[in-house]
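Worksheet: one structure, shown below.
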Amino acid sequence: MSGFLSKIIKFNNLLVIGVFRNTDDTLVYNTLRVNKKGSNLVILSSSVYTTFEDLLKNHDTKLPVVLHVDGKGVLNKQIDLNNEADLEWKKNLDFNSMYFIEYKTSTANFLSFTRKKNIDDNLKLLQENKFQVVDFYLGSLLSALLSKALETNEIVSGETLLSFDNNILSAISKYIGTSLTKYKIAYKTLSQHHIALYGSAINFFIKPEEIESNTSENISIEESLYRKAFNYFGIAVIALFLVSLLSSYLLIQYYLEKNVTINQQNLYSNQTYEYILDMEKQKKQKLEVLNKTGQLSKNFLSFYIYQLIKSTPSGISLSNLDVFPVSKEIKAEKKINITPDTIIIKGFTTSGDSFDNWLDELSKMKWIKKFEVISIKKDKKNIQQFELKILIANV
């Protein structure tokens, strides 16, 4: 199912969140919003935040997110394919305990790696705050994807210097400069801390062959696909419902006009006219009966019963709840006289405070016009027997 959805639903708008850890363990959050239009990747905005709270306050959590982690804790290694020591070193790595990203060339591979906890902690923080994380990357190697666009032999990405020979990555080292390096790309200016974020967006959309990385079981792209699909289909269902509602309204108006015409024709028949008068009289009588029984109230009788039972504290027990009580004993073939708008409650309690608090709560209910304590008695066991009469408002 997710494979089918991925073919019809695309992530064109993307938020790349870069988490950079300084040597003193302080964090800087760099963000880059991009939009994929055809084969072009348009930069919408870039920002820098010193606290996660500022990041959360300024970004929509509905956007799919690619996480990028760099700085302290992320290590880089150049592996010479002609050097047995380098190949043996890579062979002995435990890739199950780390996350990595590898950039491959014909003569060397470049590896950025970190402990899984470094990535998982950031993933957890974003997901706990409702961000939809669809992938993650680390290090500065993805900036190498921009070498042709930038037309330069060196790219400063974060605190890493990438060197190129004929647009092919040839070396990676620590950048020792102090000034902030900026680059012009896609009609926008990006700093050295945003350039890897743009490379992450390119890798997410294009998946170049020279890039290899592992994944996290904590990321479920299917969840984001289903959520986006629900938004699309939900809007379609709402639109269909509104169209159906409009069609129904127009049909009702049409048939009402036809009904008026037929009623006017029936007026010429005295028998029909008398029948209509009789029906109107019956309707009035039935409405009066329904009104007295509370059926025309804006609330159902069960609403009042539920509200009273719900508000009753544990220290009070109800023995009788009579909604719209009859004023006389019910007898066959006799009219039943109902007392509308009235509820009689009987019960008992051992706590006078609970009873007083309950009365205070009843006085705050908007649907109660007023109430009165008809009786309250205390027996030898210190149990208070009470009877309340409640009048309902807006019936």
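Worth a mention:
- Pairs are defined by a Cβ separation below 7 Å, a sequence spacing of at least 6 or placement on different chains, a first member in the range 141-166 that is under 15 Å from Asn109 (Cα atoms), and a second member that is assigned to a helix (DSSP H, G or I) and of a type in the set (Lys, Arg); no pair meets this definition.
- Selection status of Ser170, part of a strand (DSSP E or B) and in contact (Cβ under 8 Å) with a residue 12 or more places away in the chain: yes
- Filter result for Ser351 (modelled with pLDDT under 85, within 15 Å of Gln385 (Cα to Cα) and either small (Gly, Ala, Ser) or surrounded by 13 or more Cβ atoms within 10 Å (Cβ to Cβ) (or both)): yes
- Condition met for Ser311 (at pLDDT 75 or above, touching a Phe, Trp or Tyr at 6+ places or on another chain (Cβ under 9 Å), in the same structural domain as Lys381 (by TED's automatic domain parsing) and among the hydroxyl-bearing types (Ser, Thr, Tyr)): yes
- Count - residues of the range 36-79 that are among the charged types (D, E, K, R) and in a strand (DSSP E or B): 4
- For the range 80-141, no strands (runs of 3 or more DSSP E) sit wholly inside it while including 1 or more residues that are loosely packed, with under 12 Cβ neighbours inside 10 Å, at positive phi and outside the structural domain of Asn214 (by TED's automatic domain parsing).
- In summary, Val66 fulfils each of the numbered conditions (1) modelled with pLDDT under 90; (2) in contact with a Ser or Thr (Cβ under 6 Å, 6 or more places away or on another chain) with the single exception of condition (1).
- Note on the range 34-44: residues that are over 18 Å from Phe131 (Cα atoms), in contact with a strand residue (DSSP E or B) (Cβ under 8 Å, 6 or more places away or on another chain) and not aliphatic (A, V, I, L, M) amount to 1.
- Out of Asp70, Asp54, Asp80, one residue alone is acidic (Asp, Glu), in contact (Cβ under 8 Å) with a residue 12 or more places away in the chain, touching a strand residue (DSSP E or B) at 6+ places or on another chain (Cβ under 7 Å) and more than 14 Å from Leu197 (Cβ to Cβ). It is Asp80.
The values are calculated or read from the model by the stated rules, or taken from the named source; none is laboratory data. Predicted, not measured: the structure shown is a model, and the values here were computed from it. Neighbour counts are summed over all protein chains in view; Cβ atoms, including those assigned to glycine, are modelled from backbone coordinates with ideal geometry.
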